[in-house]
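These notes are about the structure you will find just below.
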Amino acid sequence: MTESSPEIVLYDLACTKNVCFSPAVLRTRLMLNYKHVAYETIFLEFPDIEQTLKELGVAPHDTRSDSEPRYTVPAIHHVPSSTYLMDSHAIAEFLESTYPTPPLTLVSSFINQVSCKARSALGPAFRSSVTPREIRILPPRSQVYFRQKREALLGHRLEDLLDLDREERTWNDLADEIRAAGEFMLTNKANGPFVLGAQPSYTDFFIAGSLHSARMVDEGIFERCTKFPGYKEIYEACRPYMDKMD
Ligand SMILES: N[C@@H](CCC(=O)N[C@@H](CS)C(=O)NCC(=O)O)C(=O)O
């Protein structure tokens with residue numbers, strides 16, 4: 001397979017750095033890189049996602065509220081089977097069954113617990129630090145879209161989220177939980193650097209993807225997080241699967 005005949009077209013979210021920064025797309029991208037699947041990327045601006053995916057015939061999400069977008073990236077076009085698919089979890093299952101080698105554990109009781117702890121510890125911290133800064137790396141049309149959607153949800157201006165004292169308190173309040181989640185990631189460290197030990201899992205890609213996303217938005221958030229045990233280890237172990245980011 002050559003660069004000019006990719007197996008997969010990956011629809012990603014555009015930013016001014018021209019690299020992948022969406023945490024959801026990063027999970028898919030790390031998986032494609034890990035499995036050495038030849039793919040090309042089409043970066044879409046926020047306001048173009050719905051129309052582009054609709055025109056491709058992608059089935060919309062069955063959403064129950066106006067706040068959940070009906071079309072999201074990542075989306076893929078699997079060229080050999082003319083399959084169009086949206087949603088990182090559905091895409092992960094498709095990739096695992098279509099490209100079983102090398103294998104990737106997508107679910108297990110242990111990795112699900114690790115994901116859950118990481119999400120609950122980092123979610124509020126990233127919402128206080130990443131969400132208000134993300135707009136800075138969006139192109140102008142995406143900025144307008146992002147501001148409109150987020151402010152409608154928040155009920156106030158994005159800038160009001162960026163209160164440095166409150167941000168500090170949020171991280172301090174969460175410190176024990178972030179540390180505990182990071183230490184839990186290291187449960188199998190005697191066998192290797194990944195959550196399961198020697199082999200990466202989808203949870204490693206979730207953690208590394210979230211950290212890389214934060215890093216693309218603001219290096220300081222990444223540094224803040226990787227001071228805790230576990231996070232840097234997983235991130236570095238996943239570095240080999242971050243070679244292609246565009
Ligand atoms: N559950 C989805 C969520 C993906 C998601 O939220 N993607 C965002 C970009 S990071 C998106 O496409 N949003 C479209 C919009 O807000 O209109 C997944 O994991 O694939």
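Values quoted throughout were computed directly from the atomic coordinates according to the rules given, and no laboratory measurement underlies them. The model shown is predicted, which means the values in this text are computed figures rather than measured ones. Because the Cβ atoms are built from the backbone with ideal geometry, glycine has one as well, and the counts that use them run over all protein chains shown.
Computed quantities for the displayed model
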read-out: Pairs from Lys149/Lys244; Lys189/Lys244; Lys17/Lys54; Lys17/Lys244; Lys117/Lys189; Lys35/Lys244 whose Cα-Cα separation, in the structure shown, is over 23 Å; value: Lys149/Lys244; Lys189/Lys244; Lys17/Lys54
read-out: Residue of Tyr34, Tyr145, Tyr202 that the Gaussian network model of the chain assigns the largest fluctuation, springs spanning Cα pairs under 10 Å; value: Tyr145
read-out: Hull-based mean projected area of segment 8-98, where the convex hull spans the alpha carbons, in square nanometres; value: 6.0
read-out: Taking Ile42, Ile76, Ile135 and counting other C-beta atoms within 10 Å, the order from fewest to most; value: Ile42, Ile135, Ile76
read-out: Per-peptide average of other Cβ atoms within 10 Å, ordering 184-197, 158-171 highest first; value: 184-197, 158-171
read-out: Ranked list, fewest to most other Cβ atoms within 10 Å of each Cβ, for Leu122, Leu104; value: Leu104, Leu122
read-out: Cα gyration tensor shape of the chain, rounded if a/c is under 1.5, else prolate or oblate by comparing a/b with b/c; value: oblate
read-out: Inter-probe distance in nm under a simple model that places probes 7 Å from Cα toward Cβ, at Val9 and Leu153; value: 2.8
read-out: The chain - mean residue ellipticity at 222 nm from DSSP helices (-39,500 (n - 2.57) per run, n ≥ 4, rounded to 500); value: -16000 deg cm²/dmol
read-out: 37 °C / 0.692 mPa s Stokes-Einstein diffusion coefficient of segment 108-246, Kirkwood radius on C-alpha pairs, µm²/s; value: 206
read-out: For the chain, size of Cβ-based charge dipole, Lys and Arg +1, Asp and Glu -1, in debye; value: 240
read-out: Fraction of beta bridges assigned by DSSP in the chain that are antiparallel (%, nearest 5); value: 55
read-out: Assigned charges on the beta-carbon of Lys, Arg, Asp, Glu; segment 8-98 dipole about Cα centre (debye); value: 260
read-out: Contact order relative to length of the chain, as percent, for alpha carbon pairs under 8 angstrom and 6 or more apart; value: 25
